[in-house]
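The block underneath contains the structure these notes are about, expressed in structure tokens.
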Amino acid sequence: MITGKAYKPKDVEEKWLAKWKKNNRYSSQPSNKSPYTIVIPPPNVTGILHMGHMLNNTIQDILIRKARLDGFNACWVPGTDHASIATEAKVVKMLKEKNINKHEISRSEFIDHAWEWTNKHGGIIMDQLKRIGCSCDWTRTKFTLDDDLSESVIEMFIKLFKDGLIYRDKRIVNWDPEAKTTLSNEEVIYVEKDSKLFFLKYKIQDSDEYISVATTRPETIFGDSAIAINPNDKRYKKLKGSKVIIPIVNRLIPIVFDEMVEKDFGTGCLKVTPAHSEKDFSIGIKHKLECIDIFNDDATLNKNGQHYNGLDRFLARKKIVAELDEKKLLLDTKKYKNKLSMSERTSCIVEPKLSIQWFLKMDLLSKPALDTVINDEIKFYPKKYVNTYKHWMENIRDWNISRQLYWGHRIPVYYCNKNKSKFVVAKSRNEAVEEFKKIDSNIDTREIFQENDVLDTWFSSWLWPISVFDGVRKPKNNDINYYYPTSTIVTGPDIIFFWIARMVISGLYLRDEKPFENVYFTGIVRDNKGKKMSKQLGNSPDPIELIEKYGADSVRIGLLFSAPAGNDLLFDESLCVQGRNFTNKLWNAFRLFETFKVSSELDQKDSTIQAIKWFESKYNLKVNKINQCFKNFKISEALMIIYKLVWDDFCSIFLEIVKPKFGNELSQESSLLIKSYFNKILVLIHPFMPFISEELFVKLNTKKEIISENLIWPKSGSIDNSFLRDFDDLILIVTKVRNFKKQKNISFKDELSIFHQNKNINESLSSVFKKLTNCKLIFSEDLDSKDLSTIVVGKYKYIVDFNQDTKEDDIIELRKALDYNLGFKDIIEKKLSNSKFIENAPNNVIQGERNKLDDVLKKIEIIKETISKKN
RNA sequence: GGGCGCUUAGCUCAGUUGGUUCAGAGCACUUGGUUUACACCCAAGGGGUCGGGGGUUCGAAUCCCUCAGCGCCCACCA
């Protein structure tokens, strides 16, 4: 025997990775087969693999391998995302360590650094995906900043602009003072924090009276341009036409009346800073108020902040509170819980800021995208996310698509003068120059310059299912015609708006066709205490280390043992142990097969014929269930069915029956059949555990056949239900007998005779029974004369020929069984004598109850009879 | 403030339209077992008033109401 006792995944995995790579095994080209397409959610180009990726990509691999076995032309497109804000932040940090300030070098110098960084750290994650067994078409690997994908983004922008859907506007936007860029609403997260509400004293002009104004942000008083009060607030009616003096600043501002102010909040008086709050901005517009910006880009106060000029906003708050207090202008301070808006990427507190940005009009685009999901043309798994999606689509706001960054797709807009009043949209600078010349032939072309902003990263990601097939630039090319719409997208619910919703929008807009059929939402991977895995907590294992320790197949199924769609997954390393044990089980099943000595002169044994007949039906039954699971994207459940099929049905029952006793031989025919079932099992396992399944398949068949090329996923086959029932009943008797032996302290090897009158058990099944229990099942016309131990299974009793006196124990057991069955009988009789039940219940239910009653009456009779004999 | 979802065995979760013994699975646990594929194993076994209360029904884990706890998403109360 060459094969070791325990499965050693490392060598096997290296071998298969090399093979797959060598012949580009998983590459796909359009063909006459039906396509099954998945595009990967592109991870950040400089990211490294974490458990979330591991889960997500394992699921994709399972789906794509299953589809391949199903006979589809399966294509899984891999790639990475430039992740503009995250990557730029990393590059800025790296430069800072080298004492280089982003703003002191030119744009192109920065971009050079960024590419250098990307080339150095990029793509690692693609290699890690290979390690976990992902069967992507690596020849199609894409990056969102590749030339073709970049051009696609620019073309999309131009098309949307021409359709009047992109516009430039001055608005209050979310400003990230750390990254110094705007953010879309989706990139802002809200966190509840304990903060304080300060009550400030605003003196009324030409009066000794004052009003109290509540604010959480006293440092913004420099930007105040009015105090607003609800017109229905009786307390302040008399103040109409009055003006108040801002504390410390000593500037005079008007009191305005606006329904937007809540009477019941604070004192009912709202300080209005139009430059630093969306609501204040709209009040400002309505009442024609001055707009005073008091912050620099890094959220320090600017010269409008007077003596706080240059100070950070939070430091300024502390100091100004102290100053107000000192000057008796602070009336009160109260504890207050409010929600802080934070940048999703940099975690710093977002500052509402007035600026000119580019926006995409969403209302018209969103309508068909909503319908497609509501009509079930795109299916969500689990379905509950349809609600979330619907809510977002119905309340959609315009998308701020410009970012004040360098790393990304630069907006294809060109200006001809410093104040940016005139611009054209063009693919290139040359094209822009031509456009400007059409307007003004004397234009000074040196004045023409491109917009500095780049586009939001998601403005390229939302094209991903189209752009990876170059379908934006060439809408009718072979690839896009063949692979689009894609089949399934697998992602986390956290990017349902960022990505899923927008892909649906762009797909319908560009191609009038949905981007995918199914959306499978995975949950979040948490630790065994339910905490979200994160670098800070240090509770996130490195998937690659786990693979080193347990093997890729084991980690894959370990993760999947409990990962229903959309539910969070509580991960514990013990799951990998379970996975490893399973690979080992398979490995040893193979080792057992290897030990079989085959003789061509033997006939098949009776028990083997029965076992094969049973396993055939059992396998087909389970395959039906597994196929059903796949249809509904119940991947974990499918895995569990396979796990039990292999461990319980195949190993514990089937192999135990068919394996020859020590030294004996197996018939040629049996050997071939057993091998064929082993192969059938390897096919089922393959999507989940690609390495060990390929390895065992090759070893088992000693040919160069490879699962994904030569085997196909089973369709449903024939099931002999009545035989299955008889056989499963037999297994029940086996269990009872084993239990009996244990209770009576009889060795499992001891042979006993068991007499019965169950006509469903023929000679052949008795031979199976002998294999599993080492006991004989003997049909006997005359059970009454045998005053021995009795086991009752179903409607039959089984008398064990066991000479030790077990009468007392038996009677106790039998009495228990009698009590239970009498109770059960009462319940059924009560039900059947209830006239309402008879009138209302459907016939099949009533008949079912009658059958139950018959069975239980027979059983009671047998038990009573046995007890009376014992006495 | 609005919306969605969850609560079933020690843990993680299944449980289709209410109806065959429907109260399940895996893990964990208990007990017994090992020269003859696997102790990363085999065999047997014990665990739950289906979050609480009320209702509808012949019949409820499943439908309705209500209370409690937990989670998520959305929203411009400063």
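The values are calculated or read from the model by the stated rules, or taken from the named source; none is laboratory data. Keep in mind it's a predicted model, so treat the numbers as computed, not measured. Neighbour counts are summed over all protein chains in view; Cβ atoms, including those assigned to glycine, are modelled from backbone coordinates with ideal geometry. The protein model used for the area step is the full one, side chains on, heavy atoms only, and it has no ligands, DNA or RNA in it. Shrake-Rupley method; radii C 1.70, N 1.55, O 1.52, S 1.80 Å.
List of remarks:
- Unmet requirement for A:Lys170, which otherwise passes all of (1) touching a helix residue (DSSP H, G or I) at 6+ places or on another chain (Cβ under 7 Å); (2) in contact (Cβ under 8 Å) with a residue 60 or more places away in the chain; (3) farther than 21 Å from A:Ser467 by Cα: (1)
- Here is the figure for segment A:90-115: residues that are aliphatic (A, V, I, L, M) and either open to solvent by 50 Å² or more (accessible area, probe 1.4 Å) or not in a helix (DSSP H, G or I) (or both) total 2.
- Taken together, A:Glu849, A:Glu865 contain a single residue that is surrounded by 12 or more Cβ atoms within 10 Å (Cβ to Cβ) and within 17 Å of A:Asp819 (Cα to Cα), which is A:Glu865.
- Flag if A:Asp70 is of a type in the set (D, E, K, R) and open to solvent by 10 Å² or more (accessible area, probe 1.4 Å): yes
- Residues within segment A:578-632 that are of a type in the set (Asp, Glu) and within 11 Å of RNA strand B (Cβ to nearest atom), tallied: 1
- Failed condition for A:Lys795, given (1) at pLDDT 80 or above; (2) within 50 Å of the chain's Cα centre (by Cα): (1)
- Enumeration of residues in segment A:1-37 that are part of a loop (DSSP other than H, G, I, E, B) and within 16 Å of RNA strand B (Cβ to nearest atom): A:Met1, A:Ile2, A:Thr3, A:Gly4, A:Lys5, A:Ala6, A:Tyr7, A:Lys8
- Residue list for segment A:542-560, restricted to those being of a type in the set (Asp, Glu) and open to solvent by 10 Å² or more (accessible area, probe 1.4 Å): A:Asp542, A:Glu545, A:Glu548
- So A:Phe678, is it outside any helix (DSSP H, G or I) and within 16 Å of RNA strand B (Cβ to nearest atom): no
- Of the residues screened, A:Arg446 is one that is assigned to a helix (DSSP H, G or I) and either away from RNA strand B (no atom under 15 Å from the Cβ) or out of contact with any Asp or Glu (no Cβ under 6 Å at 6 or more places or on another chain) (or both).
- Across segment A:194-230, the number of residues qualifying as under 22 Å from A:Tyr308 (Cα atoms) and free of Cβ contacts under 8 Å to residues at least 24 places away in the same chain comes to 0.
Conditions (1) surrounded by 17 or more Cβ atoms within 10 Å (Cβ to Cβ); (2) aliphatic (A, V, I, L, M); (3) touching a strand residue (DSSP E or B) at 6+ places or on another chain (Cβ under 8 Å), marked per residue:
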position: A:Asn174; (1), (2), (3): yes, no, yes
position: A:Asn185; (1), (2), (3): no, no, yes
position: A:Ile189; (1), (2), (3): no, yes, yes
position: A:Lys193; (1), (2), (3): no, no, yes
position: A:Phe199; (1), (2), (3): yes, no, yes
position: A:Tyr202; (1), (2), (3): yes, no, yes
position: A:Gln205; (1), (2), (3): no, no, yes
position: A:Thr216; (1), (2), (3): no, no, yes
position: A:Glu219; (1), (2), (3): yes, no, yes
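- Whether a residue is within 16 Å of RNA strand B (Cβ to nearest atom), in contact with a helix residue (DSSP H, G or I) (Cβ under 7 Å, 6 or more places away or on another chain), open to solvent by less than 60 Å² (accessible area, probe 1.4 Å) and within 28 Å of A:Leu183 (Cβ to Cβ) was assessed, and A:Thr372 does not pass this test.
- Leading residue by the ranking (nearest to A:Asn185 (Cα to Cα)) among those in segment A:243-284 that are away from RNA strand B (no atom under 11 Å from the Cβ) and open to solvent by 30 Å² or more (accessible area, probe 1.4 Å): A:Phe257
- Qualifying positions in segment A:241-266 - touching a Phe, Trp or Tyr at 6+ places or on another chain (Cβ under 7 Å) and in a loop (DSSP other than H, G, I, E, B): A:Ile246, A:Pro247, A:Val249
- Taking residues in segment A:300-324 that are part of a loop (DSSP other than H, G, I, E, B), and partners anywhere that are of a type in the set (A, V, I, L, M), the pairs with Cβ atoms closer than 9 Å and at least 6 places apart or on different chains are A:Asn302/A:Ile294; A:Asn309/A:Leu301; A:Gly310/A:Leu301; A:Leu311/A:Leu301.
- Only one entry in A:Val698, A:Val737 is free of Cβ contacts under 8 Å to residues at least 24 places away in the same chain and of a type in the set (A, V, I, L, M), namely A:Val698.
- Residues (within 16 Å of RNA strand B (Cβ to nearest atom) and either without any contact (Cβ under 8 Å) to a residue 12 or more places away in the chain or open to solvent by 20 Å² or more (accessible area, probe 1.4 Å) (or both)) located in segment A:747-756: A:Ser747, A:Phe748, A:Lys749, A:Asp750, A:Glu751
- Test: residue in segment A:214-226 that is within 15 Å of RNA strand B (Cβ to nearest atom) and more than 28 Å from A:Trp175 (Cα to Cα): no
- Just so you know, in segment A:140-179 the residues that are more than 26 Å from A:Ile285 (Cα to Cα), part of a loop (DSSP other than H, G, I, E, B) and over 28 Å from the mean Cα position of the chain (by Cα) include one that is farthest from RNA strand B (Cβ to nearest atom), and it is A:Asp163.
- Criterion: away from RNA strand B (no atom under 13 Å from the Cβ), touching a helix residue (DSSP H, G or I) at 6+ places or on another chain (Cβ under 6 Å), open to solvent by 20 Å² or more (accessible area, probe 1.4 Å) and not polar (S, T, N, Q) - qualifying residue of A:Lys759, A:Lys825, A:Lys797: A:Lys797
- Just one of the listed residues (A:Asn620, A:Asn627) is of a type in the set (S, T, N, Q), out of contact with any Gly (no Cβ under 9 Å at 6 or more places or on another chain), in contact (Cβ under 8 Å) with a residue 40 or more places away in the chain and open to solvent by less than 50 Å² (accessible area, probe 1.4 Å), and it is A:Asn627.
- Within segment A:635-663, residues that are open to solvent by 20 Å² or more (accessible area, probe 1.4 Å) have Cβ atoms under 8 Å from residues that are assigned to a helix (DSSP H, G or I) and within 7 Å of RNA strand B (Cβ to nearest atom) in these pairs: A:Trp647/A:Lys585; A:Lys659/A:Leu592, counting only partners at least 6 apart in sequence or on another chain.
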